[in-house]
Amino acid sequence: MSGLLSQRYLIYTPTDDILISESSANRISCLVEKDHDGYPDQRLTFADASNGLNYSFGMAFINEYFDVGNRDTVRRYSWTNGSRKITGTGQVIMPYPQNGHSTRTIAISPMDDRIFVSIGSASNVDVEPLSRAPIQQANINGSNQTTFA
């Protein structure tokens, strides 16, 4: 599939499309497979900077929501099953410092009640404050954030 830039993370949607975060392009692409040959036939823009993306990385679906780990936030968007594009800028549910490594991987607990976010370190050699280089956990709405590991 051509037209992808700096791909960093991918997930399947609940309807079996593939989402790819293209971090430095501030874009999430949706790859659609139409003819059942196992290869994507179309690339659509699922989200971009106009939706509030800022070096997006991790992604997760939770019920009727879609969460994105940006360099400085985790944003939550309303999502309708089968939709291939999100609208609006979503809601910031977890803010983070913007400097340092930009990776924010997201995982949702099996009970759908907790969100886990890995926070990249500020550098490769420093002793990090607790908000950097750990895995943070929070209630599914982003409240009550604590260090998990």
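Tabulated data
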{"quantity": "Region 19-30: number of residues that are of a type in the set (Lys, Arg) and touching a residue at least 60 places away in the same chain (Cβ under 8 Å)", "calculated": "0"}
{"quantity": "Subset of region 46-85 [crowded, with 17+ Cβ neighbours inside 10 Å and of a type in the set (Val, Ile, Thr)]", "calculated": "68, 73, 74"}
{"quantity": "The listed residue being within 12 Å of the chain's Cα centre (by Cα), acidic (Asp, Glu) and at pLDDT 95 or above, out of 67, 72", "calculated": "67"}
{"quantity": "Strands (runs of 3 or more DSSP E) fully within region 1-82 counting 3 or more residues that are within 18 Å of residue 118 (Cβ to Cβ)", "calculated": "7-12, 59-62, 65-69, 73-78"}
{"quantity": "Criterion violated by residue 33 - all others in (1) free of Cβ contacts under 8 Å to residues at least 12 places away in the same chain; (2) over 15 Å from the mean Cα position of the chain (by Cα) satisfied", "calculated": "(1)"}
{"quantity": "Any hit, region 11-26, residues being buried (at least 16 other Cβ atoms within 10 Å of the Cβ), farther than 26 Å from residue 136 by Cβ and polar (S, T, N, Q)", "calculated": "no"}
{"quantity": "Residue identified as touching a residue at least 40 places away in the same chain (Cβ under 8 Å) and touching a Cys at 6+ places or on another chain (Cβ under 6 Å) among 43, 84, 76", "calculated": "84"}
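The values are calculated or read from the model by the stated rules, or taken from the named source; none is laboratory data. Note that the structure is a prediction, hence the values are computed from the model and not measured. Because the Cβ atoms are built from the backbone with ideal geometry, glycine has one as well, and the counts that use them run over all protein chains shown.
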